[in-house]
1. Kindly indicate whether Thr309 is at pLDDT 95 or above, among the β-branched types (Val, Ile, Thr), surrounded by 15 or more Cβ atoms within 10 Å (Cβ to Cβ) and assigned to a loop (DSSP other than H, G, I, E, B).
2. Here's a check for you: in the stretch 109-152, which residue that is free of Cβ contacts under 8 Å to residues at least 40 places away in the same chain and farther than 25 Å from Lys62 by Cα is surrounded by the most Cβ atoms within 10 Å (Cβ to Cβ)?
3. Which of the residues belonging to the stretch 205-231 are open to solvent by less than 30 Å² (accessible area, probe 1.4 Å) and of a type in the set (Val, Ile, Thr)?
4. Consider Arg406 carefully, then state whether it is open to solvent by 70 Å² or more (accessible area, probe 1.4 Å) and under 30 Å from Thr437 (Cβ atoms).
5. Go through the stretch 52-102 residue by residue and tally those that are among the polar types (S, T, N, Q) and more than 26 Å from Lys149 (Cα to Cα).
6. Limited to the stretch 368-402, what total is found for residues that are under 27 Å from Pro194 (Cβ atoms), open to solvent by 50 Å² or more (accessible area, probe 1.4 Å) and not in a strand (DSSP E or B)?
7. Starting from the stretch 397-420, keep only residues that are at positive phi, then list their pairs with residues that are open to solvent by 20 Å² or more (accessible area, probe 1.4 Å) and assigned to a loop (DSSP other than H, G, I, E, B) whose Cβ atoms are within a distance under 6 Å, requiring at least 6 positions of separation or different chains.
8. Against the conditions (1) open to solvent by 10 Å² or more (accessible area, probe 1.4 Å); (2) farther than 30 Å from Asp380 by Cα; (3) in contact (Cβ under 8 Å) with a residue 12 or more places away in the chain; (4) among the small types (Gly, Ala, Ser), where does Ser340 fall short? Just the number, please.
Amino acid sequence: MRKSLRWLMSLTVLIGTVGASGAATAAEPATGSPTAVADSAVGTDIKDRILAIPGMSLIEEKPYAGYRYFVLEYTQPVDHRRPWKGTFKQRLSLLHKDTDRPTVFHTSGYGLSTTPSRREPTRIIDGNQVSMEYRFFTPSRPQPADWTKLDIYQAASDQHRIFTALKKIYGKKWLSTGASKGGMTATYYERFYPRDMDGVVAYVAPNDVNNKEDSAYDRFFENVGTKECRDRLNAMQREALIRREPLQKKYKEWAETEGATFNTVGSLDKAYEAVVLDFVWGFWQYYGQDVCADVPDAATASDDTVYQTIDAYSGWSFYTDQGLDPYTPYYYQAATELGSPSIKLPHLDGLTRYGYQPARNFVPSEIPTTFKPWAMRDVDTWVRNNAHQMLFVYGGNDPWGAEPFRLGKGARDSYVLTAPGANHGAQVAGLVEAERTKATARILAWAGVEAPAVQAGQPLARFDARLDKPADDELERERGVRP
């Protein structure tokens with residue numbers, strides 16, 4: 001009984017916490033009832049209704065035609081299993097259209113862009129969009145940071161609390177979405193809280209069920225694109241290792257000029273090789289067959305050309321301490337739950353010293369990691385047996401799609417579709433016509449729009465060149481990805 005009372009008192013403190021950032025913070029309503037907050041707020045300005053949510057505070061509002069756009073903070077428990085153990089402020093944004101419209105819950109799985117943008121499902125259903133910064137990406141990091149509280153359950157519980165708070169205002173249907181780690185995040189959220197969302201649209205979401213078995217990636221790189229393109233890329237990657245000594249001299253000079261250090265990865269040599277090994281992966285992830293001819297001929301390229309080409313597709317800055325630091329939460333999760341790929345690279349035999357390094361190598365040594373092999377097996381089994389109104393979209397030429405989510409006999413109204421020739425930016429719009437129409441119709445149906453619109457199978461909102469482009473400042477990087 002005493003423990004229950006202590007938990008209740010702690011929870012009361014949690015939901016009424018005043019933001020320490022100096023932002024405008026919601027006052028506790030007189031009744032203390034969350035339902036009363038929504039009921040009494042009907043007819044008031046949407047900003048006032050949002051800020052009436054206990055623990056919600058406003059960072060800023062930015063104008064955008066046809067919408068209200070808010071950047072917010074929300075008080076979350078560090079540990080959802082023990083909410084009395086401390087709190088932190090988590091950033092989110094809200095692209096508000098109308099409370100009578102459905103809502104999309106988006107996460108990149110990384111940091112939060114504070115520039116108004118619209119994900120593809122939001123455009124399809126012409127709805128509202130909530131975007132959440134993933135816990136432990138700064139500034140949404142508890143202080144002091146207990147890294148054991150960074151896992152897929154805690155992050156899913158962050159989403160659940162935000163959804164529960166906002167559902168009282170946005171009462172129509174909700175869909176979750178995200179790309180890459182964001183697609184994984186949407187899937188994990190569905191696994192832990194399957195009753196929250198009315199549908200899931202997960203883009204290019206890797207599914208590393210067995211972290212020790214990565215032959216699917218080897219098969220991918222043996223077959224992607226044309227042999228001519230593969231040979232051209234492999235030759236450039238090989239040349240960068242053959243010329244390791246003169247190119248590392250350039251790298252060292254650059255690092256000294258920039259003040260770049262290599263304590264996390266261990267040495268400049270390890271960082272150099274990691275960047276070079278990202279080259280082919282990064283090319284297929286963000287580019288493709290149509291620009292293969294733009295890669296110089298390695299046999300005739302100067303040292304400067306080889307150096308600049310690797311930089312263009314991989315980025316010499318990434319494996320510095322300064323480059324890795326913003327992505328520590330990703331690499332921590334890869335080293336503890338998500339897994340990370342490893343490929344054999346036979347064309348580099350005799351030239352590599354370290355091979356594909358494990359995610360643990362990119363986490364500062366003072367942060368301990370223990371891998372949990374059951375985490376991804378659990379999610380994979382759940383999706384196969386329980387997927388309901390879930391859509392997975394992959395790119396045919398995206399290396400991350402080598403290990404996709406798959407559906408079993410228990411799945412209902414769920415689909416795995418691949419956009420031919422697409423890379424890591426694959427979208428529903430890139431599917432073949434019949435699949436594109438079907439996928440769009442299912443998204444509309446899950447969002448509860450009227451039957452004629454569902455039957456038409458077309459996005460409800462027009463394309464907006466500014467709003468519908470990817471957010472430049474969103475942290476979306478895994479191996480081979482440049483932000």
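1. No.
2. Ala145
3. Val224
4. Working: open to solvent by 70 Å² or more (accessible area, probe 1.4 Å): yes; under 30 Å from Thr437 (Cβ atoms): yes.
Yes: the conditions hold for Arg406.
5. 1
6. Number satisfying all stated conditions: 10.
7. Asp413/Gln389
8. (2)
The values are calculated or read from the model by the stated rules, or taken from the named source; none is laboratory data. Source: prediction; values computed, not measured. Methodologically, a virtual Cβ is constructed for each residue, glycine included, from the backbone with ideal geometry; neighbour enumeration extends over all protein chains shown. Heads up: the accessible areas ignore ligands, DNA and RNA and are worked out on the full protein's heavy atoms, side chains in. Shrake-Rupley method; radii C 1.70, N 1.55, O 1.52, S 1.80 Å.
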